[in-house]
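K.L.:
Pasting a structure here, questions to come.
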Amino acid sequence: MRTPVIHAEQLTKSYDGVEALRGVSLDVADGTVLGLLGHNGAGKTTLLSILTTLLPPSGGRASVAGYDVVSQAREVRGRIGLTGQFASVDEKLSGMANLVLLGRLLGAGRKQARDRAGQLLEAFDLSAAADRLCRTYSGGMRRRLDLAASLVGRPEVLFLDEPSTGLDPASRISLWEIVEQLVGEGTTVLLTTQYLEEAERLAHRVAVLAEGSVVAAGTPAELKARVGERTAHLTVTRRGDVQAVAVALREAGLATAEAPQEGTVSVPVAVFADFARVVRAVDDSGVPVSGLTLSEPSLDDVYLSLALTSAATPPLSSAPEQQPN
């Protein structure tokens, strides 16, 4: 695997005896996105608060960009950007003024801060509204400005805490495209989200957090494979032909599940070669088929299967398995 830019090892956090995190371990490789899934109260925001130095852990250790989040907090803060669940821009200032102010606070000179603000406003399609007060911005514009603000200091690592919450579909897609561009330029991202589609679109790896523990981790494809197999669904032209198709498929060594009233036959396909066997068996049978589709488990299925049944699942690490040299 690539060098882990974010590393957490057995992190715990307790509030008045209540365990918010229970031994969370994870790695995020350079230039990749880790999607952190979990319901409200699962521990996502607590974990981000520790990794961004806003909270100290009760136990365990973590580093970001090679620096310890407790003993080297200043170095960590100089290398990260953070966008929270709600836009944090100053509504009494313009978009330009918001970004210039942040640049000045980070130590940039007046011209340097204004130049950087102009670059970001253009990148986030906000140049036309640069001098408008932020209270006149739409929700999507505020979120884009908020993300731009997190990039003023050119961070190596970006933490996004449910960044698309409350956005309309068009604004959400626009935000995803911006994140994809940043990752393409080398930024490392840890993204918390409750949108399964968002995680599937952006994340190279996914960790499912429940009751303060990582209950599943892997690539989206790996997690979906844990839940179930791909399935081929056939729809016959004449409902009376369901059994004939099923017999042909079973003779080809395939398992079937028939729904005669719906005129469909379903076949689990572990590998794509099995799908080819389905096509050949149906073709050889001579039975007319009006539809053939292939479906696979979604991250919704992963979440429902793993996160909501976490009581029976032991804690895991979201770090990829090391391959021998």
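K.L.:
Anything in region 124-138 that is surrounded by 16 or more Cβ atoms within 10 Å (Cβ to Cβ) and touching a residue at least 40 places away in the same chain (Cβ under 8 Å)? List them, or say none.
P.N.:
F124, C134, Y137
K.L.:
Determine whether region 67-78 contains at least one residue that is out of contact with any Phe, Trp or Tyr (no Cβ under 6 Å at 6 or more places or on another chain), in the same structural domain as L37 (by TED's automatic domain parsing) and either of a type in the set (D, E) or touching a residue at least 40 places away in the same chain (Cβ under 8 Å) (or both).
P.N.:
Yes: region 67-78 contains one or more residues that are out of contact with any Phe, Trp or Tyr (no Cβ under 6 Å at 6 or more places or on another chain), in the same structural domain as L37 (by TED's automatic domain parsing) and either of a type in the set (D, E) or touching a residue at least 40 places away in the same chain (Cβ under 8 Å) (or both).
K.L.:
Out of all the residues in region 85-94, which are surrounded by 17 or more Cβ atoms within 10 Å (Cβ to Cβ) and modelled with pLDDT under 95?
P.N.:
A87, V89 - these are the residues of region 85-94 that are surrounded by 17 or more Cβ atoms within 10 Å (Cβ to Cβ) and modelled with pLDDT under 95.
K.L.:
Same structure, new question: Among the residues of region 261-275 satisfying the criterion of being closer than 24 Å to K224 by Cβ and at pLDDT 90 or above, which is surrounded by the most Cβ atoms within 10 Å (Cβ to Cβ)?
P.N.:
The selected residue is V265.
K.L.:
Working carefully through the options V287, V278, V282, find the one that is at pLDDT 70 or above, crowded, with 16+ Cβ neighbours inside 10 Å, outside any helix (DSSP H, G or I) and not assigned by TED's automatic domain parsing to the domain that holds D27.
P.N.:
V287
K.L.:
From E296, E251, E258, which residue is over 26 Å from E200 (Cβ atoms) and surrounded by 12 or more Cβ atoms within 10 Å (Cβ to Cβ)?
P.N.:
E258
K.L.:
Tell me which residues, restricted to region 218-243, are surrounded by 14 or more Cβ atoms within 10 Å (Cβ to Cβ), in contact with a Gly (Cβ under 9 Å, 6 or more places away or on another chain), under 19 Å from V279 (Cα atoms) and in contact (Cβ under 8 Å) with a residue 40 or more places away in the chain.
P.N.:
The answer is H233, L234, T235, V236, D241.
The values are calculated or read from the model by the stated rules, or taken from the named source; none is laboratory data. Remember, predicted model here, so these are calculated numbers, not experimental data. All Cβ positions, even for glycine, are placed from backbone atoms using ideal geometry, and neighbour counts span all protein chains on display.
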